[in-house]
Amino acid sequence: MTEPPFRSIAIAGLGLIGGSIALAVRERWPSTRVIGIDSQSVLAHALGSGAIDRASDRVRDLPEIDLLVLAAPVQQNLTLLTDVAGGAGRQPRPFIVTDVGGTKRSIVEAARALPSSVTFVGGHPLGGGERGGFAFARPDLFAGRPWIFTPNAGAAADAVDQLKTFASGLGARAVTMDPGEHDRLMAYVSHLPQLAASALMAIVGGAAQADGLRMAGRGLLDTTRLASSPADVWRDIAATNADRIGEALDALIAELTRLRADLDRGKAIDAIFDQAAHWRAELMKGLE
């Protein structure tokens with residue numbers, strides 16, 4: 001077994017992502033001490049399952065750590081940065097902070113105000129699921145999935161390397177990316193699909209009602225798989241990436257408008273379906 005990149009880590013937020021990190025660390029590096037920060041009920045569940053060794057009420061009251069993972073929704077992570085700054089003086093030595101949020105520009109910018117004893121590197125593991133919460137966490141959530149890090153210009157190279165080793169050890173494919181490029185790309189490959197799936201399910205459900213939905217085939221089930229995702233997480237993502245998501249929504253609306261105007265002839269259907277089949281094939285190549 002390889003040496004753990006961090007001997008002691010704290011995870012603020014033990015939902016699907018934070019809980020899965022805790023479980024994966026416990027499985028990969030049993031000697032690493034894991035501290036959880038969440039509500040009392042979630043902490044009791046995590047302690048009972050063995051995912052964490054210790055519970056803490058607040059970020060600023062943490063014992064000595066090597067790594068802090070901010071795994072709450074995006075806006076809460078921004079608030080937690082203030083607590084990180086307030087508690088940094090209580091830490092006996094420098095430590096690393098990363099996050100798991102779906103947008104990066106806002107938190108990378110906010111982290112510039114952290115004291116010099118704290119090295120912040122933005123992070124985003126792309127290991128989501130249909131449902132959130134610790135109950136759905138699992139240690140293999142990140143296996144084979146990208147884990148994007150978005151270091152700013154001042155981030156120490158050794159901290160980035162440690163985090164990439166950490167992510168790779170949990171089965172992920174660690175990559176680095178500019179925060180702005182991350183937010184632009186995620187608007188199309190993650191944020192737009194989520195919003196479109198949820199809007200589609202809301203429209204179909206409202207029109208078909210419960211009895212009509214019983215007549216639906218696998219297509220609707222597959223297309224709307226994301227529609228059970230928690231709104232609070234996505235509200236924060238939309239708020240912190242509104243410009244890029246707006247561009248993506250405008251592009252989708254334009255394509256739907258083109259389809260709407262050409263239903264009787266079908267030329268737009270031919271063109272869009274051909275493009276869709278091509279890019280779907282490319283998508284599946286990346287998952288093989």
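Taken together, the values in this text are just the output of simple stated rules run on the coordinates, not laboratory data. Note that the structure is predicted; figures quoted are calculated from it, not measured. Using ideal geometry, Cβ is built from the backbone for each residue, glycine included, and neighbour counts are taken over all protein chains shown.
Excluding residue 126 itself, what net charge comes from residues whose Cβ is under 10 Å from its Cβ, given Lys and Arg +1 and Asp and Glu -1?
My count for the surroundings of residue 126 gives +2.
Could you rank the peptides 61-73, 201-213, 42-54 by their average count of other C-beta atoms within 10 Å per residue, with the highest value first?
Most protected by this proxy first, the peptides run 61-73, 42-54, 201-213.
Based on DSSP, what percent of beta bridges with both residues in region 8-177 are antiparallel, to the nearest 5?
Counting only bridges with both partners in region 8-177, antiparallel ones make up about 15 percent.
Give me the percent of DSSP beta bridges within the chain that run antiparallel, rounded to the nearest 5.
Numbers: 4 of 28 bridges.
That works out to approximately 15 percent antiparallel.
Enter the Cα centre distance for the pair region 152-230 and region 86-149, rounded to the nearest angstrom.
Region 152-230 and region 86-149 have Cα centres spaced 17 Å from each other.
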